[in-house]
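The values are calculated or read from the model by the stated rules, or taken from the named source; none is laboratory data. Everything quoted here is computed from the prediction, not taken from an experiment. Please note: Cβ atoms are built from the backbone with ideal geometry, for glycine as well, and neighbour counts cover all protein chains shown.
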Amino acid sequence: MLATKKQLLLVFIVAPIILLAFGCSTLPRGKGKKEFTRRMLVTAYDAGQKSTGWKYKYGCCLLPPVYAYGPQKGKRKQVGITSSGTKAEKGTIAADIRRYPYGTKMYVPGYGWGEVQDVGSAIKGDHIDIFFSDIDDAKAWGRKYLNIKIIKP
């Protein structure tokens with residue numbers, strides 16, 4: 001009878017713990033990345049003052065002439081550098097990183113593939129901002145509601 005209690009203890013307590021520890025009893029994890037499509041507002045931006053929140057501030061020659069305004073008011077700003085630290089170029093997307101973290105890949109019809117590398121004070125929820133190197137191209141894009149293919153990291 002004592003051996004039976006030990007066997008039951010082994011089968012019902014120890015074995016499940018071992019299986020959980022090695023992942024044998026967990027549900028299979030999805031292979032690859034999470035992919036889906038969502039309808040989003042797509043706007044455009046460039047590296048200019050109006051789009052990225054900076055202004056010239058001349059003063060002491062030892063200080064940089066470019067400062068941020070808005071939430072980062074008064075702090076030094078590197079023009080053309082995204083919030084993730086990468087250089088803004090075609091394919092750079094600003095998004096709400098609480099929903100779409102850095103590295104999320106998106107396909108925007110009429111623009112192509114891009115990756116979330118930036119944020120914006122007006123970019124919330126299902127709204128993204130795509131980067132153009134020329135202000136005229138950004139203005140020509142305007143505001144569009146499109147079905148965006150999304151692949152989260």
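Things to note:
- Among the candidates 75, 90, residue that is of a type in the set (Lys, Arg), over 22 Å from residue 143 (Cα atoms) and either loosely packed, with under 15 Cβ neighbours inside 10 Å or modelled with pLDDT of 75 or more (or both): 75
- Residues that are in contact with a Phe, Trp or Tyr (Cβ under 9 Å, 6 or more places away or on another chain) and not β-branched (Val, Ile, Thr) within segment 96-125 comprise 105, 106, 107, 110, 111, 113, 114, 115, 117, 118, 120, listed in sequence order.
- Members of segment 102-112 that are within 19 Å of residue 39 (Cα to Cα) and either polar (S, T, N, Q) or surrounded by 13 or more Cβ atoms within 10 Å (Cβ to Cβ) (or both): 104, 105, 106, 107, 108, 111
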